[in-house]
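A.B. asks: For reference, the structure I am asking about is given below.
The values are calculated or read from the model by the stated rules, or taken from the named source; none is laboratory data. Given the structure is predicted, the values throughout are model-derived calculations rather than measurements. Quick reminder, even Gly has a Cβ in these numbers, built from the backbone with ideal geometry, and neighbours come from all protein chains shown. With ligands, DNA and RNA removed, areas are computed over all heavy atoms of the protein, side chains included. Shrake-Rupley method; radii C 1.70, N 1.55, O 1.52, S 1.80 Å.
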Amino acid sequence: MRWWDIDPVLELERDLFPEDAWSRGMFWSELAHSRGPGASRRYVVAQAGERIVGYAGLASSGEQADVQTIAVARDQQGTGLGSRLLTELLRAATAFECAEVMLECRVDNTRAQKLYERFGFEPIGFRRGYYQPGNVDALVMRLTDPSSSVQGTEING
């Protein structure tokens, strides 16, 4: 993801997460940490033609990484794009030499939970009222050894 992707990403963000969409400033801040020798973030976009149909981001700190966001356009859900985006984030976690990856997922987002479970993430707790303003709880999930989840997985395009 680059700065010129922020506007189309924001459109997708607002469509998919209307109550708790990230702001332009939040994306700018994350991208500011994604380049150069001290980079601690990895953000990617997926395109169909010229259209951005998905994006994902990961933050690393020491031996731990956190999935910040994964989003797939409604008309692309169920196509495997979420798996490809997650694979890319786990590759980044491996490159950052992270021993574990954490994430929060809305408790009512069972589709995402199943995706994460397929990659080896395990539920470890809850964060009450994490998603605001809707006051929706988050399921906290953890994956140990992200490198083992992406071995032998290829991404095309």
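A.B. asks: Looking at the structure I just gave you, is Ile52 more than 26 Å from Thr144 (Cα to Cα), out of contact with any Ser or Thr (no Cβ under 8 Å at 6 or more places or on another chain) and of a type in the set (A, V, I, L, M)?
C.D. replies: Yes, satisfied.
A.B. asks: Across region 47-71, which residue is least open to solvent (accessible area, probe 1.4 Å) among those that are part of a strand (DSSP E or B) and free of Cβ contacts under 8 Å to residues at least 24 places away in the same chain?
C.D. replies: Ser61
A.B. asks: Now a separate question. Please go through region 61-93 and give me each residue that is over 15 Å from Val44 (Cα atoms) and within 15 Å of the chain's Cα centre (by Cα), ordered by number.
C.D. replies: Of everything in region 61-93, those that are over 15 Å from Val44 (Cα atoms) and within 15 Å of the chain's Cα centre (by Cα) turn out to be Gln64, Ala65, Gln77, Gly80.
A.B. asks: Can you find a residue that is surrounded by 14 or more Cβ atoms within 10 Å (Cβ to Cβ), more than 20 Å from Asp5 (Cβ to Cβ) and within 12 Å of the chain's Cα centre (by Cα) anywhere in region 138-145?
C.D. replies: No, the conditions are met nowhere in region 138-145.
A.B. asks: Hey, another quick one. Could you please give the count of residues in region 1-39 that are in contact with a Lys or Arg (Cβ under 8 Å, 6 or more places away or on another chain) and either open to solvent by 100 Å² or more (accessible area, probe 1.4 Å) or part of a loop (DSSP other than H, G, I, E, B) (or both)?
C.D. replies: 3
A.B. asks: Here's another thing I want to ask about it. So, in region 85-134, exactly how many residues are of a type in the set (S, T, N, Q), surrounded by 17 or more Cβ atoms within 10 Å (Cβ to Cβ) and not in a helix (DSSP H, G or I)?
C.D. replies: 0
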